[in-house]
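Participant: Here you go, one structure.
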Amino acid sequence: MSVPEYFELENGDRMPRVGFGTWQTSEDVLEKAVDAALNAGYRHFDSARAYENEKGLGRALSRWIGDNEEKRKQLFIVTKLPPGGNRPDVVDEYFSGSLSDLGLSYIDMYLMHTPFSFEHIPGDLHPKNPDGSMKVDLTTDIVSTWKEMLKLKESGRVKHLGVSNVNEEQLKRLTAIAKPECLQVEVHILCQQAPLLEAAKRLGIPVVAYSPLGSRALADLLASKTGRVFPNQLELPAVQKIAQKYSRTPAQVLLRYLLQHGVAVIPKSTDPTRIKQNISVWDFELSESEMKELRALDRGEAGRICDFGFFGGVEKHPEFPFKNRT
Ligand SMILES: NC(=O)c1ccc[n+]([C@@H]2O[C@H](COP(=O)([O-])OP(=O)(O)OC[C@H]3O[C@@H](n4cnc5c(N)ncnc54)[C@H](OP(=O)(O)O)[C@@H]3O)[C@@H](O)[C@H]2O)c1
């Protein structure tokens, strides 16, 4: 099954289906990784105010762009409104901070990072109570935030708007106001999100899969705190067998599966060899029977890794998207 290398957005702009993830990386390490990613051919970069490393991405991008505006046009830069920004009066402030740290005059795609919210405390993107739980603001709503985000697009500083971590009902609610141009959610072989992907397809919204390799660092952290078991997706026998057959790495098989599954992928790596491997997924193809075998590994909701359990208290927010976490 051939897969286009881009999602074509409604105005004709192209979002590359393989992007580069930037979470859980210090500014300096990220800067070097982005140099390697640009050399390897990545043009889509996924950032977020909440990752607290936008300056590192910005430095590498500015170096690559130089004073050549044509090169800027080749990039597709995504960043996100942090959970503390889900209120109309501060959307512009958070957005301007991202734009400035990234050193750009516009963002290609701006996402609402989460439907739940923290309190807005300037200078503290992850405000905590003395007991370690998050300072959650239960009064915010995604509709007024989304309406404010639409103004950023009208101003020309953002080309496209989207959402992340919303459920189907929330996606439909926001679509009734203005259709998001991207849905970024956790999708990998153990959590394939069939109903949500179907809903996005019906609405005509491209899906970007985060944690496409199973987010090992997060999985290990959660396993140590909760005792939950998160299988290493790179070591699953079916993945290893197919990787051997095509002389590819297990990561390439996982990414190729997702591309053929219809979603874009944004793997994160700081290792130059892996960075190159993760974008080299266009010259082999999984058969329908291999797709079926990998599809069967789905664990549904039980396979979700990023349920925001590390943000104690957010499950009380009326817009918390995952109903199975109480
Ligand atoms: N919207 C959201 O709420 C949200 C949530 C989570 C993630 N994201 C985005 O999605 C991106 C990707 O997700 P993620 O960072 O959670 O996890 P991921 O991309 O699934 O996995 C990253 C892990 O896999 C390792 N890795 C990368 N390539 C590999 C390879 N070829 N072979 C073996 N190991 C490899 C990395 O280690 P090395 O660095 O050592 O290679 C890292 O430990 C994030 O960086 C972020 O941009 C968004």
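The values are calculated or read from the model by the stated rules, or taken from the named source; none is laboratory data. Nothing here was measured: the structure is a model prediction, and the numbers come from that model. Note: ideal-geometry Cβ built from the backbone for every residue, glycine included; neighbour counts use all protein chains shown. Quick note on the areas: whole protein, heavy atoms, side chains included, nothing else; ligands and nucleic acids left out. Shrake-Rupley method; radii C 1.70, N 1.55, O 1.52, S 1.80 Å.
Participant: Would you check which residues across the range 293-326 are part of a helix (DSSP H, G or I) and either closer than 21 Å to A209 by Cα or among the polar types (S, T, N, Q) (or both) and list them? Spell out how you get there, then give the answer.
Facilitator: If we filter the range 293-326 for residues that are part of a helix (DSSP H, G or I), which is where we start, we get 293-295, 300-303, 314-316.
Of everything in the range 293-326, those that are part of a helix (DSSP H, G or I) and either closer than 21 Å to A209 by Cα or among the polar types (S, T, N, Q) (or both) turn out to be E293, L294, R295, G300, E301, A302, G303.
Participant: Determine if the range 246-257 includes at least one residue that is on the phi > 0 side of the Ramachandran plot, open to solvent by 60 Å² or more (accessible area, probe 1.4 Å), part of a loop (DSSP other than H, G, I, E, B) and within 16 Å of the ligand (Cβ to nearest atom). Can you show your working first?
Facilitator: Applying the first criterion (on the phi > 0 side of the Ramachandran plot) to the range 246-257 yields 247.
Filter once more, so that each one left must be open to solvent by 60 Å² or more (accessible area, probe 1.4 Å): 247.
Next, only the ones that are part of a loop (DSSP other than H, G, I, E, B) stay: 247.
Pick out the ones that are also within 16 Å of the ligand (Cβ to nearest atom) and you get 247.
Looking for residues that are on the phi > 0 side of the Ramachandran plot, open to solvent by 60 Å² or more (accessible area, probe 1.4 Å), part of a loop (DSSP other than H, G, I, E, B) and within 16 Å of the ligand (Cβ to nearest atom), one finds at least one in the range 246-257, hence yes.
Participant: I'd like the residue in the range 10-57 that is hydrophobic (A, V, I, L, M, F, W, C) and under 13 Å from V208 (Cα atoms) and, out of all such residues, is farthest from the ligand (Cβ to nearest atom).
Facilitator: Pass one, the range 10-57, residues hydrophobic (A, V, I, L, M, F, W, C): 15, 18, 20, 23, 29-30, 33-34, 36-38, 40, 45, 48, 50, 57.
So of that shortlist, the ones also under 13 Å from V208 (Cα atoms) come out as 15, 18, 20, 45.
Numbers: M15: 14, V18: 11, F20: 8, F45: 8 Å.
Looking at the filtered set, the residue picked out is M15.
Participant: Same structure, new question: Just the residues that are β-branched (V, I, T) and open to solvent by less than 10 Å² (accessible area, probe 1.4 Å), please, taken from the range 139-153. Show your work before the answer.
Facilitator: Start the filter on the range 139-153 by keeping residues that are β-branched (V, I, T), which leaves 139-140, 142-143, 145.
Of everything in the range 139-153, those that are β-branched (V, I, T) and open to solvent by less than 10 Å² (accessible area, probe 1.4 Å) turn out to be I142, T145.
Participant: Out of the residues in the range 258-273 that are assigned to a helix (DSSP H, G or I) and under 20 Å from V187 (Cα atoms), state the one that is nearest to the ligand (Cβ to nearest atom).
Facilitator: In the first step, residues of the range 258-273 are kept if they are assigned to a helix (DSSP H, G or I); the result is 258-261, 272-273.
Next, from what is left, pick out any that are under 20 Å from V187 (Cα atoms): 258-261.
On the way: L258: 10, L259: 14, Q260: 17, H261: 15 Å.
Here the residue is L258.
Participant: In the range 24-49, which residues are within 22 Å of R256 (Cβ to Cβ), open to solvent by 30 Å² or more (accessible area, probe 1.4 Å) and under 18 Å from the mean Cα position of the chain (by Cα)?
Facilitator: R43, the sole residue that qualifies.
Participant: Just checking, does the range 220-234 include any residue being closer than 20 Å to Q184 by Cβ and modelled with pLDDT of 95 or more?
Facilitator: yes
Participant: Shifting gears a bit: Which pairs have Cβ atoms under 9 Å, sit 6 or more apart or on different chains, and link a residue in the range 216-236 that is aliphatic (A, V, I, L, M) to one that is exposed (fewer than 13 other Cβ atoms within 10 Å of the Cβ)?
Facilitator: What qualifies is A223/V229.
Participant: Return yes when K73 is more than 15 Å from I107 (Cβ to Cβ) and open to solvent by 10 Å² or more (accessible area, probe 1.4 Å) and no when it is not.
Facilitator: Details: more than 15 Å from I107 (Cβ to Cβ): no; open to solvent by 10 Å² or more (accessible area, probe 1.4 Å): yes.
Judged against the criteria, K73 is not a match.
Participant: Also, I was wondering about something else. Condition (residue is in contact with a Ser or Thr (Cβ under 9 Å, 6 or more places away or on another chain), closer than 30 Å to D13 by Cβ and not aromatic (F, W, Y)) applied to the range 238-255: is it met by at least one residue?
Facilitator: Yes, the range 238-255 has at least one match.
Participant: So, of the residues in the range 70-113 that are among the hydrophobic types (A, V, I, L, M, F, W, C) and assigned to a loop (DSSP other than H, G, I, E, B), which turns out to be nearest to the chain's Cα centre (by Cα)?
Facilitator: If we take residues in the range 70-113 being among the hydrophobic types (A, V, I, L, M, F, W, C) and assigned to a loop (DSSP other than H, G, I, E, B), then L75 is nearest to the chain's Cα centre (by Cα).
Participant: Still on this structure: For residues that are in contact with a helix residue (DSSP H, G or I) (Cβ under 8 Å, 6 or more places away or on another chain) and within 11 Å of the ligand (Cβ to nearest atom), tally how many sit in the range 192-215.
Facilitator: Adding up the residues that qualify gives 5.
Participant: Residues of the range 85-106 being open to solvent by less than 10 Å² (accessible area, probe 1.4 Å), more than 17 Å from G162 (Cα to Cα) and in contact with a strand residue (DSSP E or B) (Cβ under 8 Å, 6 or more places away or on another chain), which ones? Spell out the reasoning first.
Facilitator: Start the filter on the range 85-106 by keeping residues that are open to solvent by less than 10 Å² (accessible area, probe 1.4 Å), which leaves 85-86, 90-91, 95, 98, 102.
Those still in the list that are more than 17 Å from G162 (Cα to Cα) too: 90, 102.
Passing the criteria: only L102.
Participant: Determine the pairs where a residue that is without any contact (Cβ under 8 Å) to a residue 60 or more places away in the chain, located within the range 99-114, has a partner that is open to solvent by 10 Å² or more (accessible area, probe 1.4 Å) with Cβ atoms under 6 Å apart, the partner being 6 or more residues away or on another chain.
Facilitator: Once the first residue is without any contact (Cβ under 8 Å) to a residue 60 or more places away in the chain and sits in the range 99-114, its partners that are open to solvent by 10 Å² or more (accessible area, probe 1.4 Å) give D101/K55; G103/S62; Y106/R157.
Participant: Moving to a separate point now. Does G85 qualify as being among the small types (G, A, S) and away from the ligand (no atom under 15 Å from the Cβ)? Don't jump to the end; show me each part of the working.
Facilitator: Details: among the small types (G, A, S): yes; away from the ligand (no atom under 15 Å from the Cβ): no.
When the stated conditions are applied, G85 does not pass them.
Participant: So, one more: So, in the range 264-279, how many residues would count as being in contact with a helix residue (DSSP H, G or I) (Cβ under 7 Å, 6 or more places away or on another chain) and touching a residue at least 40 places away in the same chain (Cβ under 8 Å)?
Facilitator: So the answer is 9.
Participant: Going through the range 275-326 one residue at a time, which ones are surrounded by fewer than 16 Cβ atoms within 10 Å (Cβ to Cβ) and basic (K, R)?
Facilitator: Within the range 275-326, K292, R295, R299, K316, K323, R325 meet the criteria.
Participant: Does L294 count as within 27 Å of N165 (Cα to Cα) and at pLDDT 95 or above?
Facilitator: Spelling it out, L294 is indeed within 27 Å of N165 (Cα to Cα) and at pLDDT 95 or above.
Participant: Please specify each residue of the range 258-274 satisfying the condition of being open to solvent by 20 Å² or more (accessible area, probe 1.4 Å) and of a type in the set (S, T, Y). Working first, answer last.
Facilitator: Initial filter on the range 258-274 (open to solvent by 20 Å² or more (accessible area, probe 1.4 Å)): 261-262, 268, 270-274.
Across the range 258-274, the qualifying residues are T270, T273.
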